[in-house]
Each structure stands twice: as structure tokens, then as C-alpha cells.
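Notes follow once the structure below has been shown.
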Amino acid sequence: MLRRMADDDSTYLRLRRMVLDLDPVTAPTAELPRVWGALMDTGYPNGTATVVCLADGTTSLYTSTGGGILGAGVHESVAAPSRHLLTVVEKHLNQMPPSTEDLLPDPDWVVMRALTFTDRRAVPAEEDELAYHRHALAEIFHAFHAVITQLRLLDDTR
């Protein structure tokens, strides 16, 4: 289900660690009183992909195999689903237990993480359980995928 990260200094792991170690990037708001960021790690046979959405508009996708899209939140087509994702995470936050682990998911598994003003939260789940709405937090998964869709569309226009 989850695996320890290799002790390597890859750009992917540095970017991911940088986000996980950030202090809150914004102050609480009426819409987001507890959540200031969210990450989703998805395991694949050949590596891991991570989507990051922060309340300051930062939205990125990067992969352990190299490559990614950084700073896409400046585009409204990406910013709107990113904001929506954070409100969905806020809505379901009580269903996400606190977690200090930063393990990567095995293939076909996902870890959805919430960055809050007081702690980090994480929920591992099988990707199919989320994709087919058989998991209580499937709404978060689908909100992440709405962001991924816009990131891919943006990347296709470059």
C-alpha cells in the first residue's frame, strides 16, 4: 500500500519535500478556515506522480520519472478547479486523520493529503475505490482529477 522513499536527492523528492515542509502560504479565510493546501500522490508501476494545490494559487504536477508542470495556477482554467479542490478538502477534512508520514503509494494506490494551519492529514486508498466512488473521499479524488485534466489541457497547448 505505501512504501518508503529511496534516500535519493531527486528533483521530484526535493520539490515534494519542499511543499510538505512549507509553513502555511495564506491566512485562514471564511471559505478555507482550516486548509491551505492539498497534495495527491499516485503510484504507478514505474514511479509516482504528485499534484499540488495551494491556497495562494500555486498548482503543480511533477513525476518521479522526470518532468512536470510547475506554476500552472496563474492560468484561470487551472486556478478555478484548484480552488474548488481546496474547498472539497475543507468539506471532508474531518474524515482525514492527522498524519506525519510522507510515504509514497504503491502502484494503483493514492495518498490524498491536506495541509492545514495546525497539522497535516492523509488518507491512503486504492485508486479504483476512489475512481468508482466506492470510497467516502471519492469527491476529493475527482476534484484532484479535474485539476489534472486542466493541467494536461494546458500542457497540450504549449
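Observations, loosely collected:
- Residue satisfying condition, being surrounded by fewer than 22 Cβ atoms within 10 Å (Cβ to Cβ), of a type in the set (Gly, Ala, Ser), part of a helix (DSSP H, G or I) and without any contact (Cβ under 8 Å) to a residue 60 or more places away in the chain, within set Ala146, Ala79: Ala79
- Residues of segment 110-129 that are buried (at least 20 other Cβ atoms within 10 Å of the Cβ) and touching a His at 6+ places or on another chain (Cβ under 7 Å): Ala125 alone.
- Test: residue in segment 100-109 that is surrounded by fewer than 13 Cβ atoms within 10 Å (Cβ to Cβ), modelled with pLDDT of 95 or more and either farther than 16 Å from Ala143 by Cα or not basic (Lys, Arg) (or both): no
- Candidate set from segment 18-46 (those that are touching a residue at least 24 places away in the same chain (Cβ under 8 Å) and small (Gly, Ala, Ser)); member that is farthest from Thr87 (Cα to Cα): Gly43
- When Ser82 is tested against (1) over 17 Å from Leu15 (Cα atoms); (2) out of contact with any Cys (no Cβ under 7 Å at 6 or more places or on another chain); (3) polar (S, T, N, Q), exactly one condition is not met: (2).
- Looking across segment 54-76 at every residue that is outside any loop (DSSP other than H, G, I, E, B) and out of contact with any strand residue (DSSP E or B) (no Cβ under 7 Å at 6 or more places or on another chain), the one that is modelled with the highest pLDDT is identified as Glu76.
- In segment 130-152 there is at least one residue matching the filter, namely being touching a His at 6+ places or on another chain (Cβ under 8 Å), at pLDDT 95 or above and charged (D, E, K, R).
The values are calculated or read from the model by the stated rules, or taken from the named source; none is laboratory data. The structure displayed is predicted, hence computed values, not measured ones. Please note: Cβ atoms are built from the backbone with ideal geometry, for glycine as well, and neighbour counts cover all protein chains shown.
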